[in-house]
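Below: one structure, written as structure tokens.
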Amino acid sequence: MPGPDKETDLTERIEAFLFDLNRGGSGAGPLRGSAETARETTALLRRITAQARWSSAGDLMEIIRNEGRRMTAAQPSETTVGNMIRRVLKIIREEYARSRGSSEEADQQESLHKLLTSGGVSDENFRQPFAALKPNVIEAINELLTELEGTTDNIAMQALEHIHSNEVIMTIGRSRTVEAFLKDAARKRKFHVIVAECAPFCQGHEMATSLSKAGIETTVITDAAIFAVMSRVNKVIIGTQTVLANGGLRAVNGTHTLALAAKHHSTPLIVCAPMFKLSPQVRRLSFLSDFYRYCEILSKVNVHCPVFDYVPPELITLFISNIGGHAPSYIYRLMSELYHPEDHEL
Amino acid sequence: MADAGEPEGPERKDDIVKAKQEGKELTKEEKQRLRKEKKQQKKSKEKKDDKPSRDSEKEKKPASAASPAPQTPTQPPAQKAPSAAPAPVPVPASETPSAADKPAKSKAELKAERRARQEAERASKGKKGDVGPQAAPGKPKAPPSELQPVVKRLPEHVQVDNPEVLKKLAKKLERQQIPLRSDYGYKVSLFSHLHQYSRKAPLTQQLGIPSTVIHPAIVRLGLQYSQGIVAGSNARSVALLHAFKQVIRDYTTPPNEELSRDLVNRLKPYISFLNQCRPLSASMGNAIKYIKKEISNIPSQCKEEEAKRKLLNCIDCYINEKIVLAAKAIAKYSIEKISDGDVILVYGCSSLVNHILCEAFEKNRKFRVIVVDSRPRLEGREALRRLVQKGINCTYVLISAVSYILPEVSKVFLGAHALLANGYVMSRVGTSQIALVAKAFNVPVLVCCETYKFCERVQTDSFVSNELDDPDDLIVTRTGTTQLEHWQEVPSLGLLNLVYDVTPPDFVDLVITDLGMIPCTSVPVVLRVKNVDQ
């Protein structure tokens with residue numbers, strides 16, 4: 001019978017995805033880029049929409065929220081999973097609203113109106129079943145997937161607007177977005193790239209070999225030399241793991257030092273981040289144990305090896321995303337367009 | 001010169017016009033004066049009895065008082081052109097015989113001669129090598145209270161991109177029978193003026209065994225330097241001084257030679273050799289200056305045994321005063337700054353900072369230490385080992401985690417390689433970064449440095465004068481794969497392994513020296529006080 005088979009198939013896929021997420025976090029499995037994770041999450045959510053049993057939008061949202069909670073619990077530092085879930089939830093809300101007949105502008109006006117009034121409990125309970133909801137939602141998710149596939153190219157296309165010839169550009173660690181960005185600019189302009197290796201994982205080495213094979217003049221420096229060479233750098237271009245709601249970053253270890261050095265020399269700091277990295281979280285001040293990797297406790301010594309750094313928005317000059325460039329102060333507005341406020345907490 | 005004033009008139013006008021245009025021409029009297037002074041100084045250097053007369057001469061020439069004439073041909077003209085009128089008066093004796101010679105040659109010929117001489121001087125000044133030896137005999141004669149325009153010879157190791165300098169170095173090394181070390185690997189274009197050597201090709205491989213030119217203690221020292229076995233400013237200086245003690249013990253004065261001059265000449269090839277193995281540090285430079293001064297101050301009637309004993313004593317004194325006792329004094333001052341409950345951050349392995357922390361721990365101060373380390377040297381592990389052995393509570397992080405750990409820190413203690421005269425701190429690469437992040441978090445930064453490391457150089461960035469270490473050190477193997485192993489084959493890839501960087505004085509809150517606790521900007525004051533003492 002197709003029904004139970006589909007369900008078991010679906011559960012299997014979800015379990016396999018959760019397992020992968022878990023393994024990716026502990027470092028045992030293959031390290032995946034966040035774009036890949038985003039795509040897989042969205043594909044999985046499309047499958048859930050198609051195959052799970054639900055009758056109204058509210059049911060679907062409940063199912064997705066539950067699965068989403070499990071996924072984010074499997075790997076809290078991989079925020080793209082949560083971001084995609086929130087995007088899909090917003091898509092469902094929109095499709096429901098459209099099916100019900102109210103226009104989208106009214107929706108926006110409603111939300112602004114709610115800002116002024118007490119903003120009480122929404123009387124939307126999403127219980128009305130619509131036949132056309134399922135194909136609409138799946139179509140919208142397909143559009144989202146297409147958007148995800150094109151993000152790196154969209155960002156790379158903007159490279160020539162920001163890089164002139166004979167520049168010295170500094171970057172840290174390895175970011176596929178920045179790699180594509182620089183390679184695109186290198187097709188037309190000649191410039192020099194300095195890569196900080198970002199110990200202990202030394203992902204900067206991979207980045208440097210890849211860039212130099214594309215014909216870009218690259219130099220590898222140690223993390224300790226970042227401030228020493230910063231006086232000769234014209235721009236700093238970095239990628240990030242997450243963009244936070246206040247415009248700050250959660251980026252790889254060493255980025256905060258890089259940002260401080262750039263601020264001291266008044267060098268612009270440009271962050272290349274696709275929109276799916278935008279997360280409604282704010283900085284958590286507690287020291288989480290899952291923040292660490294490869295910690296060894298020698299008998300008398302504590303060793304700290306944090307994976308991520310928080311960079312405050314004052315140190316950032318520009319964000320380049322697939323929809324264009326923005327200042328850090330604009331990020332909160334973009335976020336309100338992507339996610340619904342009730343979905344911030346899954 | 002009054003009788004020669006008439007025929008000089010039109011010429012002087014010409015010259016003044018030329019001086020206005022070029023600012024570089026000398027008048028005839030000035031050139032002759034220059035020549036006279038050169039001859040006189042050569043004579044007086046051997047006889048050492050012309051001092052009072054020349055001093056009086058100098059007082060009468062206020063405009064040209066500062067620099068001894070042969071130093072720079074461009075300096076005196078600017079000062080002498082306006083003083084052309086009063087200047088001829090005080091030198092009647094020397095000038096009149098030359099005045100008598102003058103009418104023999106025509107003015108045009110003299111002009112041509114003058115111009116040719118000037119071109120030659122300008123060409124030789126361009127190499128900047130001639131200025132040094134000429135400045136040296138000039139300097140000790142001037143009274144010490146005047147401000148000296150210090151014209152220093154630019155060291156060879158920051159002129160690698162100048163082929164003339166390299167040729168001169170090669171000739172000098174050939175004369176001293178020391179092999180020349182060749183650069184290794186692709187150099188980043190920003191640093192093409194510095195050497196970059198490979199650790200796998202030490203200089204000692206090119207020496208014959210047994211080496212007849214270089215003392216074996218020095219050969220061993222050179223190898224220890226180039227392989228990094230002896231590292232750290234204090235360690236290198238102490239090792240150098242011990243090796244020199246051995247050299248002095250084994251030294252015998254050859255017949256018809258004076259110990260004070262011959263020993264200094266004997267040391268020169270050793271110093272070149274050590275410089276080739278690894279560029280000398282500022283502390284080593286100061287130690288060598290001290291030894292050379294002590295050696296040349298040995299009176300010529302002193303017997304050899306006594307002289308050697310005196311020198312060995314001097315070296316022991318120097319080590320004791322400048323390094324051992326200084327460390328004790330600095331520890332005493334620093335312990336006042338460490339309070340109970342402190343969390344202290346240190347970077348790399350500084351012998352002085354380790355000493356301070358161990359002393360403070362023995363005086364029962366309660367604190368814990370965070371050791372910050374960086375690739376590729378990973379010197380922090382050595383510091384960690386020493387501190388943990390003492391029983392101090394330690395944490396270990398890499399430099400990229402410094403902004404993560406800094407909110408917990410109450411003080412930062414840093415060591416220094418040298419303190420420059422404009423207040424910049426030259427230290428291991430990464431120090432300036434730590435100072436920057438500490439400043440951003442408002443954590444006080446204290447630098448500990450002995451006064452013998454104070455240096456008269458000035459520097460504003462880490463590019464002009466630095467050391468490039470072996471680039472192969474950056475290659476790391478992780479889980480069996482090496483990304484950069486074949487970096488030489490990729491034409492556009494370069495690896496940069498810097499050794500030093502400079503920290504601006506606004507990041508440093510306090511410098512603790514054996515003379516007390518001073519702000520960073522008081523370094524030139526200390527240097528001046530030291531010079532006056534000596």
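The values are calculated or read from the model by the stated rules, or taken from the named source; none is laboratory data. Predicted model, so just to flag it, every value in this text is computed and none were measured. Cβ: placed from backbone, ideal geometry, glycine included. Neighbour counts: every protein chain shown. Quick note on the areas: whole protein, heavy atoms, side chains included, nothing else; ligands and nucleic acids left out. Shrake-Rupley method; radii C 1.70, N 1.55, O 1.52, S 1.80 Å.
Structure notes:
- Looking only at the stretch B:497-517, residues that are surrounded by 15 or more Cβ atoms within 10 Å (Cβ to Cβ) and out of contact with any helix residue (DSSP H, G or I) (no Cβ under 7 Å at 6 or more places or on another chain) come to 5 in all.
- Any chance A:Val178 is within 17 Å of A:Asp309 (Cβ to Cβ) and hydrophobic (A, V, I, L, M, F, W, C): yes
- Of the strands (runs of 3 or more DSSP E) lying entirely inside the stretch B:464-513, those carrying at least 3 residues that are of a type outside the set (Asp, Glu) and facing another protein chain (nearest Cβ under 9 Å) are B:493-495, B:500-503.
- Scoring A:Glu179 on the criteria (1) free of Cβ contacts under 8 Å to residues at least 60 places away in the same chain; (2) open to solvent by less than 10 Å² (accessible area, probe 1.4 Å); (3) within 19 Å of the chain's Cα centre (by Cα) leaves a single failure, condition (2).
- Residues being among the aliphatic types (A, V, I, L, M) and closer than 24 Å to B:Leu419 by Cα - total across the stretch B:230-283: 11
- Test result for B:Leu436, modelled with pLDDT of 95 or more and either away from every other protein chain (no Cβ under 11 Å) or out of contact with any Cys (no Cβ under 7 Å at 6 or more places or on another chain) (or both): yes
- Enumerated helices (runs of 4 or more DSSP H) restricted to the stretch B:184-279, each holding at least 3 residues that are in contact (Cβ under 8 Å) with a residue 60 or more places away in the chain: B:233-249, B:259-277
- Single residue of the stretch B:392-415 satisfying the filter (under 34 Å from the mean Cα position of the chain (by Cα) and more than 7 Å from every other protein chain (Cβ to nearest Cβ)) that is most open to solvent (accessible area, probe 1.4 Å): B:Lys411
- Residue match in the stretch B:428-436 (condition: under 28 Å from B:Tyr186 (Cβ atoms), open to solvent by 20 Å² or more (accessible area, probe 1.4 Å) and within 18 Å of the chain's Cα centre (by Cα)): yes
- The one condition in (1) closer than 22 Å to A:Phe308 by Cβ; (2) within 14 Å of chain B (Cβ to nearest Cβ); (3) assigned to a helix (DSSP H, G or I) that A:Lys183 fails to fulfil: (1)
- Residue that is nearest to the other protein chains (Cβ to nearest Cβ) [pool: residues in the stretch A:226-256 that are in contact (Cβ under 8 Å) with a residue 24 or more places away in the chain, part of a helix (DSSP H, G or I) and of a type in the set (A, V, I, L, M)]: A:Ile226
- Set side by side, the residues B:Leu207, B:Leu274 differ, and just one is among the hydrophobic types (A, V, I, L, M, F, W, C) and within 23 Å of the chain's Cα centre (by Cα), which is B:Leu274.
- Meets criteria (touching a strand residue (DSSP E or B) at 6+ places or on another chain (Cβ under 9 Å) and part of a helix (DSSP H, G or I)) for A:Asn166: no
- Counting the residues of the stretch B:365-391 that are facing chain A (nearest Cβ under 8 Å), in contact with a helix residue (DSSP H, G or I) (Cβ under 6 Å, 6 or more places away or on another chain) and surrounded by fewer than 22 Cβ atoms within 10 Å (Cβ to Cβ) gives 1.
- Subset of the stretch B:312-350 [closer than 30 Å to B:Val247 by Cα and touching a His at 6+ places or on another chain (Cβ under 7 Å)]: B:Ala327
- Only one of B:Cys455, B:Cys449 that is surrounded by fewer than 23 Cβ atoms within 10 Å (Cβ to Cβ) and more than 12 Å from chain A (Cβ to nearest Cβ): B:Cys455
- A:Gly215 being touching a strand residue (DSSP E or B) at 6+ places or on another chain (Cβ under 6 Å) and either within 14 Å of chain B (Cβ to nearest Cβ) or within 23 Å of B:Ser189 (Cβ to Cβ) (or both): no
- The combined condition, being surrounded by fewer than 22 Cβ atoms within 10 Å (Cβ to Cβ), modelled with pLDDT of 85 or more and more than 15 Å from the chain's Cα centre (by Cα), is fulfilled by A:Ala327.
- Test: residue in the stretch B:165-176 that is among the β-branched types (Val, Ile, Thr), over 30 Å from B:Ala327 (Cα atoms), open to solvent by 20 Å² or more (accessible area, probe 1.4 Å) and at pLDDT 85 or above: yes
- Counted as qualifying within the stretch A:42-134 are the helices (runs of 4 or more DSSP H) with 3 or more residues that are open to solvent by less than 40 Å² (accessible area, probe 1.4 Å) and at pLDDT below 90, namely A:57-74, A:79-100.
- Qualifying residue in the stretch B:522-534 (condition: over 21 Å from the mean Cα position of the chain (by Cα) and β-branched (Val, Ile, Thr)): no
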